[in-house]
1. Which of the residues spanning region 52-63 are surrounded by 12 or more Cβ atoms within 10 Å (Cβ to Cβ) and either in contact with a Lys or Arg (Cβ under 8 Å, 6 or more places away or on another chain) or closer than 23 Å to residue 161 by Cβ (or both)?
2. Report whether or not residue 92 is in contact with a His (Cβ under 9 Å, 6 or more places away or on another chain), touching a residue at least 60 places away in the same chain (Cβ under 8 Å), aromatic (Phe, Trp, Tyr) and within 22 Å of residue 163 (Cα to Cα).
3. Mind checking which residues of region 148-169 are more than 20 Å from residue 85 (Cβ to Cβ), surrounded by 13 or more Cβ atoms within 10 Å (Cβ to Cβ) and not hydrophobic (A, V, I, L, M, F, W, C)?
4. What is the number of the single condition among (1) touching a Gly at 6+ places or on another chain (Cβ under 9 Å); (2) among the small types (Gly, Ala, Ser); (3) part of a helix (DSSP H, G or I) that residue 47 does not meet?
5. When the residues of region 1-57 are filtered to those that are farther than 20 Å from residue 105 by Cβ and small (Gly, Ala, Ser), which remaining residue is modelled with the lowest pLDDT?
6. Which ones in region 116-138 are open to solvent by 30 Å² or more (accessible area, probe 1.4 Å) and either within 16 Å of residue 106 (Cα to Cα) or free of Cβ contacts under 8 Å to residues at least 24 places away in the same chain (or both)?
7. When you scan region 14-36, do you find a residue that is part of a helix (DSSP H, G or I), within 29 Å of residue 158 (Cα to Cα), open to solvent by 70 Å² or more (accessible area, probe 1.4 Å) and among the aromatic types (Phe, Trp, Tyr), even just one?
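The values are calculated or read from the model by the stated rules, or taken from the named source; none is laboratory data. None of these values were measured; they are calculated from a predicted model. Methodologically, a virtual Cβ is constructed for each residue, glycine included, from the backbone with ideal geometry; neighbour enumeration extends over all protein chains shown. What goes into the accessible areas is simple: the full protein's heavy atoms, side chains included, and nothing from ligands, DNA or RNA. Shrake-Rupley method; radii C 1.70, N 1.55, O 1.52, S 1.80 Å.
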Amino acid sequence: MSQQPPIKTRIATISDLPDILYIINHSITTSTSDYRYDTIDITIIHSWYEERTKNNEPVLVATIDDRVVGYATYCRFRERIGFQYSVEHSIYCHHDYQGQGIGSLLMKELILFAKKQNMHTIIACIDSKNTNSIVFHKKHGFLNIGQMKEIGYKFGEFLDMTLMQLMLNNN
(Lines give C-alpha, C1' and ligand atoms only; values in the text may rest on other atoms or scores of the structure.)
Protein backbone atom coordinates (compact mmCIF):
# COMPACT_ATOMS: atom_id res chain seq x y z
CA MET A 1 0.00 0.00 0.00
CA SER A 2 1.65 3.22 -1.13
CA GLN A 3 1.28 6.36 0.88
CA GLN A 4 0.26 9.61 -0.81
CA PRO A 5 3.02 12.22 -0.81
CA PRO A 6 2.39 15.02 1.69
CA ILE A 7 0.43 18.11 0.76
CA LYS A 8 2.51 21.24 1.32
CA THR A 9 1.43 24.88 1.31
CA ARG A 10 3.43 27.99 0.51
CA ILE A 11 3.18 31.48 -0.90
CA ALA A 12 2.62 31.35 -4.65
CA THR A 13 5.28 32.52 -7.07
CA ILE A 14 5.02 33.74 -10.65
CA SER A 15 6.03 30.26 -11.85
CA ASP A 16 2.82 28.88 -10.24
CA LEU A 17 0.54 31.10 -12.33
CA PRO A 18 0.05 28.68 -15.27
CA ASP A 19 -1.16 26.01 -12.81
CA ILE A 20 -3.46 28.47 -11.03
CA LEU A 21 -4.76 29.56 -14.44
CA TYR A 22 -5.56 25.96 -15.38
CA ILE A 23 -7.44 25.39 -12.10
CA ILE A 24 -9.56 28.54 -12.38
CA ASN A 25 -10.28 28.07 -16.09
CA HIS A 26 -11.48 24.52 -15.45
CA SER A 27 -13.82 25.88 -12.78
CA ILE A 28 -15.09 28.64 -15.08
CA THR A 29 -15.97 26.19 -17.85
CA THR A 30 -17.42 23.36 -15.74
CA SER A 31 -19.08 24.85 -12.65
CA THR A 32 -20.93 27.73 -11.06
CA SER A 33 -18.15 28.23 -8.49
CA ASP A 34 -17.11 31.21 -10.64
CA TYR A 35 -19.78 33.25 -12.40
CA ARG A 36 -17.53 34.19 -15.33
CA TYR A 37 -18.49 32.77 -18.73
CA ASP A 38 -15.16 33.04 -20.53
CA THR A 39 -11.80 31.61 -19.56
CA ILE A 40 -9.00 34.01 -18.73
CA ASP A 41 -5.49 34.18 -20.15
CA ILE A 42 -2.03 34.36 -18.62
CA THR A 43 -1.91 38.17 -18.93
CA ILE A 44 -5.01 38.51 -16.76
CA ILE A 45 -3.71 36.08 -14.15
CA HIS A 46 -0.40 37.97 -14.02
CA SER A 47 -2.26 41.26 -13.42
CA TRP A 48 -4.39 39.58 -10.76
CA TYR A 49 -1.26 38.24 -9.02
CA GLU A 50 0.53 41.60 -9.19
CA GLU A 51 -2.52 43.36 -7.71
CA ARG A 52 -2.72 40.86 -4.83
CA THR A 53 1.00 41.19 -4.16
CA LYS A 54 0.87 45.00 -4.28
CA ASN A 55 -2.03 45.00 -1.77
CA ASN A 56 -0.26 42.51 0.54
CA GLU A 57 -3.05 40.00 -0.04
CA PRO A 58 -2.02 36.35 0.09
CA VAL A 59 -1.91 33.95 -2.80
CA LEU A 60 -1.20 30.52 -1.36
CA VAL A 61 -0.74 27.24 -3.20
CA ALA A 62 -0.98 23.64 -2.13
CA THR A 63 1.42 21.22 -3.78
CA ILE A 64 1.90 17.48 -4.00
CA ASP A 65 5.32 16.48 -5.29
CA ASP A 66 5.86 20.11 -6.38
CA ARG A 67 2.69 20.07 -8.52
CA VAL A 68 0.20 22.85 -7.72
CA VAL A 69 -3.07 21.14 -6.79
CA GLY A 70 -4.93 24.08 -5.26
CA TYR A 71 -4.76 27.75 -4.41
CA ALA A 72 -6.31 30.20 -1.98
CA THR A 73 -6.45 33.96 -1.76
CA TYR A 74 -8.43 36.82 -0.34
CA CYS A 75 -8.97 40.48 -1.05
CA ARG A 76 -10.76 43.31 0.68
CA PHE A 77 -14.49 42.60 0.74
CA ARG A 78 -15.30 46.04 -0.68
CA GLU A 79 -13.05 48.95 -1.62
CA ARG A 80 -14.25 51.64 0.81
CA ILE A 81 -12.04 52.26 3.85
CA GLY A 82 -14.71 51.07 6.28
CA PHE A 83 -14.26 47.53 4.95
CA GLN A 84 -10.50 47.43 5.63
CA TYR A 85 -10.82 44.58 8.16
CA SER A 86 -13.18 42.43 6.08
CA VAL A 87 -11.97 40.10 3.33
CA GLU A 88 -13.61 37.81 0.79
CA HIS A 89 -11.75 34.61 0.08
CA SER A 90 -11.48 32.06 -2.72
CA ILE A 91 -10.21 28.50 -2.55
CA TYR A 92 -9.98 26.27 -5.61
CA CYS A 93 -8.64 22.74 -5.91
CA HIS A 94 -7.55 20.93 -9.05
CA HIS A 95 -10.46 18.74 -10.18
CA ASP A 96 -8.35 15.55 -9.98
CA TYR A 97 -7.44 16.22 -6.33
CA GLN A 98 -10.73 17.22 -4.70
CA GLY A 99 -11.74 15.52 -1.47
CA GLN A 100 -8.18 14.95 -0.28
CA GLY A 101 -7.97 17.64 2.40
CA ILE A 102 -6.30 20.25 0.19
CA GLY A 103 -9.06 22.82 0.68
CA SER A 104 -8.99 22.37 4.45
CA LEU A 105 -5.24 22.82 4.58
CA LEU A 106 -5.47 25.98 2.46
CA MET A 107 -8.37 27.31 4.57
CA LYS A 108 -6.39 26.89 7.79
CA GLU A 109 -3.40 28.71 6.29
CA LEU A 110 -5.63 31.49 4.93
CA ILE A 111 -7.27 31.99 8.32
CA LEU A 112 -3.85 32.19 10.01
CA PHE A 113 -2.71 34.72 7.42
CA ALA A 114 -5.85 36.83 7.97
CA LYS A 115 -5.34 36.79 11.73
CA LYS A 116 -1.71 37.89 11.34
CA GLN A 117 -2.93 40.79 9.21
CA ASN A 118 -5.47 41.70 11.94
CA MET A 119 -8.48 41.03 9.74
CA HIS A 120 -11.76 40.88 11.61
CA THR A 121 -13.91 38.72 9.34
CA ILE A 122 -13.77 36.52 6.25
CA ILE A 123 -16.71 36.38 3.84
CA ALA A 124 -17.55 33.51 1.49
CA CYS A 125 -19.85 34.03 -1.49
CA ILE A 126 -20.98 30.56 -2.62
CA ASP A 127 -23.36 29.41 -5.34
CA SER A 128 -26.30 28.09 -3.32
CA LYS A 129 -26.39 24.79 -5.21
CA ASN A 130 -22.77 24.11 -4.20
CA THR A 131 -23.69 22.15 -1.08
CA ASN A 132 -20.19 20.67 -0.81
CA SER A 133 -18.73 24.16 -0.40
CA ILE A 134 -21.42 25.17 2.10
CA VAL A 135 -20.71 22.07 4.22
CA PHE A 136 -16.95 22.69 3.88
CA HIS A 137 -17.31 26.25 5.17
CA LYS A 138 -19.53 25.17 8.09
CA LYS A 139 -16.83 22.65 9.02
CA HIS A 140 -14.39 25.55 9.27
CA GLY A 141 -16.63 27.65 11.50
CA PHE A 142 -18.37 29.83 8.91
CA LEU A 143 -21.99 30.74 9.59
CA ASN A 144 -24.66 31.09 6.93
CA ILE A 145 -25.66 34.77 7.07
CA GLY A 146 -28.05 34.93 4.15
CA GLN A 147 -28.85 34.34 0.56
CA MET A 148 -29.16 36.63 -2.43
CA LYS A 149 -31.82 35.36 -4.82
CA GLU A 150 -31.09 35.09 -8.55
CA ILE A 151 -28.02 37.32 -8.27
CA GLY A 152 -26.06 35.48 -10.96
CA TYR A 153 -26.76 33.96 -14.35
CA LYS A 154 -24.80 31.11 -15.90
CA PHE A 155 -25.47 27.99 -17.95
CA GLY A 156 -28.96 29.27 -18.84
CA GLU A 157 -30.30 29.79 -15.34
CA PHE A 158 -30.46 32.39 -12.60
CA LEU A 159 -28.35 31.48 -9.58
CA ASP A 160 -28.74 32.18 -5.88
CA MET A 161 -25.69 33.02 -3.77
CA THR A 162 -25.23 31.96 -0.16
CA LEU A 163 -23.22 34.31 2.04
CA MET A 164 -21.18 32.83 4.86
CA GLN A 165 -18.99 34.57 7.42
CA LEU A 166 -16.22 33.66 9.83
CA MET A 167 -15.45 36.04 12.70
CA LEU A 168 -11.73 35.85 13.48
CA ASN A 169 -11.80 36.97 17.12
CA ASN A 170 -8.40 38.64 17.11
CA ASN A 171 -8.55 39.62 20.79
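1. If the condition is that a residue be surrounded by 12 or more Cβ atoms within 10 Å (Cβ to Cβ) and either in contact with a Lys or Arg (Cβ under 8 Å, 6 or more places away or on another chain) or closer than 23 Å to residue 161 by Cβ (or both), then 52, 57, 58, 59, 60, 61, 62, 63 are the ones that fit.
2. Here the answer is yes, as residue 92 does meet what is asked.
3. Those that are more than 20 Å from residue 85 (Cβ to Cβ), surrounded by 13 or more Cβ atoms within 10 Å (Cβ to Cβ) and not hydrophobic (A, V, I, L, M, F, W, C): 152, 154, 160, 162.
4. (1)
5. 2
6. Scanning region 116-138 gives 116, 131, 132, 135, 136, 138.
7. yes
Here's the yes/no breakdown for (1) of a type in the set (Val, Ile, Thr); (2) farther than 22 Å from residue 36 by Cβ; (3) within 18 Å of the chain's Cα centre (by Cα):
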residue	(1), (2), (3)
71	no, no, yes
75	no, no, yes
83	no, yes, no
121	yes, yes, yes
148	no, no, no
158	no, no, no
